[in-house]
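Engineer: Have a look at the structure that comes next, please.
Nothing in this text is a laboratory measurement; each read-out follows from the coordinates by a stated rule. Predicted, not measured: the structure shown is a model, and the values here were computed from it. Positions of Cβ are backbone-derived with ideal geometry, glycine not excepted, and every protein chain shown enters the neighbour counts.
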């Protein structure tokens, strides 16, 4: 019981680092990919947040990017092993094409997350705990406080440029 | 343990239904329908009808897009 | 059973935050948390390869729905 909760916390930290690094490396906070992402970014900006961080949050809403890739790859490893994770990468690629998203952040994140979840499975953290950890990770970005989260993402984007 | 999970998803579906009923803006009504769909799909999945779940998940967004096309002309 | 309870509880929290948020574009941010939680719990409830396709279909469909609502809120899809 307690060990399972500790495993979920460790998986949440690792998944958070993975999808933030992949998203910032692919330049998602630079601008909104579609017009809806710009609307969300300006709304977060009016509330007192950071514009670049708001753009990244809008991109997460409007197209399947590295966070969706991480979640679906963990689901695939839980259902069918490594082959399931690569199948999830193909599905994320199709979803990117459906949503008019030019980036390849989702597919790259899914492939990386497949191997990360498989390695964690050897280390004793199961794929089910990785799924719960990914849900907690997305909750900390989009669900607690938009202003603080967008300032944090804007700081990461400032380090990259 | 399973009955708690069923109760939680039932509460989510009820929240979606009531917010669809109470809000007046068409965008807020469509967001309420999205919450209600998210609460209903796990009920279909628990019984094992995965093909029905896929069909629901693909039909509801198309319906939302049609409703947006219809409601935009009156709004603006 | 603990991961399913975590996913379902986060979904309930996200649904409450969507109802309490007054501004429409920021409702969509909380709605994406609900989508993640439901897609995760679909696979956790039925461990099958078909459940992976169901979760991916639900996730892509709800993302497309959020995209359409946000684009229409921003003033319509650009017609070229």
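Engineer: Using only the Cα atoms of chain A, what are the Rg and Dmax in Å?
Structural biologist: Values for chain A (Cα only, Rg and Dmax): 15.5, 46 Å.
Engineer: Per residue of B:1-14, count partner chain C-beta atoms within 10 Å of its C-beta, then hand back the mean as an integer.
Structural biologist: Neighbouring Cβ atoms belonging to other protein chains average 4 per residue here.
Engineer: Between residue A:123 and residue B:18, take the C-beta separation as r, use R0 = 51 Å, and let me know the FRET efficiency to the nearest 0.05.
Structural biologist: 0.70
Engineer: Evaluate E = 1/(1 + (r/R0)^6) for residue A:25 and residue A:93, where r is the Cβ-Cβ distance and R0 equals 22 Å; express this FRET efficiency to the nearest 0.05.
Structural biologist: Result of the calculation: an efficiency of 0.75.
Engineer: Against the longest alpha carbon principal axis of chain C, how many degrees, from 0 to 90 and to the nearest 10, is the axis of helix C:2-20 turned?
Structural biologist: Taking Cα atoms only, the helix is inclined about 20 degrees.
Engineer: What angle, in degrees between 0 and 90 and rounded to the nearest 10, separates the Cα long axis of helix A:66-98 from the longest principal axis of the Cα atoms of chain A?
Structural biologist: The angle comes out near 20 degrees.
Engineer: Please give the helix C:24-45 orientation as an angle from the longest Cα principal axis of chain C, in degrees from 0 to 90, rounded to the nearest 10.
Structural biologist: Long axis of C:24-45 versus the principal axis of chain C: about 20 degrees.
Engineer: Apply the a/c threshold of 1.5 to the C-alpha gyration tensor of chain C and tell me whether it is rounded, prolate or oblate.
Structural biologist: Here chain C falls in the oblate category.
Engineer: Ranked from highest to lowest mean number of other Cβ atoms within 10 Å per residue, what is the order of the peptides C:10-20, A:72-82?
Structural biologist: Peptide ranking by packing, descending: A:72-82, C:10-20.
Engineer: Rounded to a whole number, what is D in µm²/s for segment B:2-75 from Stokes-Einstein with the Kirkwood radius over alpha-carbon pairs (20 °C, 1.002 mPa s)?
Structural biologist: Estimated via Stokes-Einstein, D reaches 162 µm²/s.
Engineer: In peptide A:73-85, what is the residue-averaged number of other protein chain Cβ atoms found within 10 Å of each Cβ?
Structural biologist: That works out to 4 on average.
Engineer: If you don't mind, there's one more thing I want to ask. Taking neighbour Cβ counts within 10 Å as the exposure measure, how do A:146, A:100 sort from fewest upward?
Structural biologist: Final ranking by Cβ density, sparse to dense: A:100, A:146.
Engineer: OK, next. Calculate the mean, over all residues of peptide A:52-64, of how many other protein chain Cβ atoms lie within 10 angstrom of the residue's Cβ.
Structural biologist: Across the residues of A:52-64, the mean count of other-chain Cβ atoms within 10 Å is 4.
Engineer: A further question follows. Please express the shape of the protein assembly as shown as an equivalent ellipsoid: the semi-axes are the square roots of 5 times the eigenvalues of the C-alpha gyration tensor, given largest first in whole angstrom.
Structural biologist: Sorted largest first and rounded, they come to 27, 23, 18 Å.
Engineer: Distance in nm between label sites at residue B:11 and residue B:71, each 7 Å beyond Cα in the beta-carbon direction?
Structural biologist: 2.7 nm
Engineer: Here is a further query. Specify whether the C-alpha gyration tensor of segment A:81-151 places it in the rounded, prolate or oblate class, a ≥ b ≥ c being the square roots of the eigenvalues: rounded for a/c under 1.5, otherwise prolate if a/b is larger than b/c and oblate if not.
Structural biologist: oblate
Engineer: Follow-up. Can you tell me, using C-alpha contacts under 8 Å and at least 6 residues apart, the relative contact order of segment B:2-75 as a whole percent?
Structural biologist: For segment B:2-75, the relative contact order is 27 percent.
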